[in-house]
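A quick write-up on the structure given underneath.
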Amino acid sequence: MSVQTEKVDSVPAAGVRKNDAPPGGPAASSRKQAGGSAPYLLLLPALLATAVLLGYPLVKNGMLSFQNLNPRQLILHLTEWNGVDNYKEILGSSDFWRVVERSVLFTAANVVLIMLLGMLVGLLLARLGKKMRLLLMLGLVLAWAMPMIAATTVYQWLFAQRFGVVNYVLDSLGWHSMADFNWTSSQFSTFSLVTLVIVWQSIPFVAINLYAASTTIPKELYEAASLDGAGSWKSFTSVTLPFLKPFLLATTFLEVIWVFKSFAQLFAINGGGPDRLTETLPVYAFVEGVGNQHFGMGAAISFLTIIVLLAMTGYYLRTVLKQEEDEL
């Protein structure tokens, strides 16, 4: 007996056509490629602006640092390359290393005060009522938004030798020796005045961001800590501080960079005086470059300052990556 077999064509399922592309086909692949390149296209304008506004000045500054550029060269339009002579002279100068040490100590003192006072004000914002919080935040925003030169000028008026409000108040309170005290006559008093200006301008940034970060802490954590018998200090050290640690690390790093490169306050108060004893690296670069018209030397000092800031940035990124690895 012979068995005949019929060739049965496969029937496509309902709603599915043969010419439909399967999932993950060419169409999906092209969409995936387009979506993958979209972030880079969106970043392209910012990258171009950064390259033009920051990259070109950085390259130009680096080229100037290898030149002997003084008024003679500027007048005669001469380009005299002297290799690394500027760097050798700077790194072999004891004045440069004193300025570096002074810059580090000045930055450390300011950042410690800024973070400590900023944390206290931020925690105060979290505990105040709505109206008082709004009033305090308004004052902080106004202080933070004031231009540097304007704020420095106000402090110069407050601490003026003869007609300053601070000297008048101190004299009225019994400190008669402060009646005509010159706050820019010594290194310590000048740095104290500059520190007051910088700390006053920096506290709002830290305080407002700390308050904003503290509002994201779940209340359940504080309730659990209180059930365990933790007081205010224990709740702060076991709940608030660990939760805000990434924020504190990032803010401290930003403040280190901001204070280290501060120029306007120091130069406007006393021009780096008295006797150049309050010059930090940015002021030192300006005085040597523009003030003494050694433009190649000033460019080399500023380039070394950039290298120091890049080293700080590298250390910060290494710390953050290590912290992320520990959390994983």
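The values are calculated or read from the model by the stated rules, or taken from the named source; none is laboratory data. It should be emphasised that the depicted structure is a prediction, and the values quoted were computed from it without experimental measurement. Positions of Cβ are backbone-derived with ideal geometry, glycine not excepted, and every protein chain shown enters the neighbour counts. We work out accessible area using only protein heavy atoms, side chains counted, and drop any ligands, DNA or RNA first. Shrake-Rupley method; radii C 1.70, N 1.55, O 1.52, S 1.80 Å.
Can you list residue pairs whose Cβ atoms sit under 7 Å apart, with the first residue in segment 98-116 being free of Cβ contacts under 8 Å to residues at least 12 places away in the same chain and the second being of a type in the set (S, T, N, Q)? Count only pairs 6 or more apart in sequence or on different chains.
none
Inspect segment 72-80 for any residue being touching a Ser or Thr at 6+ places or on another chain (Cβ under 7 Å) and of a type in the set (Lys, Arg) and give the result as yes or no.
no
Considering only residues that are modelled with pLDDT under 90, open to solvent by less than 50 Å² (accessible area, probe 1.4 Å) and over 22 Å from Phe267 (Cβ atoms), which ones fall in segment 172-209?
Hits for segment 172-209 are Gly174, Met178, Ala179.
Please work out if Thr107 is surrounded by 18 or more Cβ atoms within 10 Å (Cβ to Cβ) and in a helix (DSSP H, G or I). Spell out how you get there, then give the answer.
Details: surrounded by 18 or more Cβ atoms within 10 Å (Cβ to Cβ): yes; in a helix (DSSP H, G or I): yes.
Here the answer is yes, as Thr107 does meet what is asked.
Would you call Leu78 at pLDDT below 85 and not in a helix (DSSP H, G or I)?
yes
For every residue, the table says whether it meets (1) closer than 13 Å to Phe295 by Cα; (2) of a type in the set (Val, Ile, Thr); (3) at pLDDT 80 or above; (4) open to solvent by less than 80 Å² (accessible area, probe 1.4 Å).
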residue: Gln33; (1), (2), (3), (4): no, no, no, no
residue: Gly36; (1), (2), (3), (4): no, no, no, yes
residue: Pro39; (1), (2), (3), (4): no, no, yes, yes
residue: Leu43; (1), (2), (3), (4): no, no, yes, no
residue: Leu54; (1), (2), (3), (4): no, no, yes, no
residue: Lys60; (1), (2), (3), (4): yes, no, yes, no
residue: Gln67; (1), (2), (3), (4): yes, no, yes, yes
residue: Pro71; (1), (2), (3), (4): yes, no, yes, yes
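Name every residue in segment 142-171 that is of a type outside the set (Phe, Trp, Tyr), in a helix (DSSP H, G or I) and open to solvent by 100 Å² or more (accessible area, probe 1.4 Å), in order of residue number.
If the condition is that a residue be of a type outside the set (Phe, Trp, Tyr), in a helix (DSSP H, G or I) and open to solvent by 100 Å² or more (accessible area, probe 1.4 Å), then Leu142 is the only one that fits.
Condition check: without any contact (Cβ under 8 Å) to a residue 60 or more places away in the chain and open to solvent by less than 50 Å² (accessible area, probe 1.4 Å). Does Gly139 satisfy that?
Numbers: without any contact (Cβ under 8 Å) to a residue 60 or more places away in the chain: yes; open to solvent by less than 50 Å² (accessible area, probe 1.4 Å): yes.
Answer is yes for this residue.
If you scan segment 110-121, which residues turn out to be open to solvent by 80 Å² or more (accessible area, probe 1.4 Å) and more than 17 Å from Phe253 (Cβ to Cβ)?
Leu120
Please enumerate the residues belonging to segment 290-308 that are hydrophobic (A, V, I, L, M, F, W, C), touching a residue at least 12 places away in the same chain (Cβ under 8 Å) and open to solvent by 10 Å² or more (accessible area, probe 1.4 Å). Can you show your working first?
Restricting attention to segment 290-308, the residues satisfying the condition of being hydrophobic (A, V, I, L, M, F, W, C) are 290, 295, 297, 299-301, 303-304, 306-308.
Keeping just the survivors that are touching a residue at least 12 places away in the same chain (Cβ under 8 Å) gives 295, 297, 299-301, 303-304, 306, 308.
Once the filter is applied, which keeps residues that are hydrophobic (A, V, I, L, M, F, W, C), touching a residue at least 12 places away in the same chain (Cβ under 8 Å) and open to solvent by 10 Å² or more (accessible area, probe 1.4 Å), segment 290-308 yields Phe295, Met297, Phe303, Leu304, Ile306, Val308.
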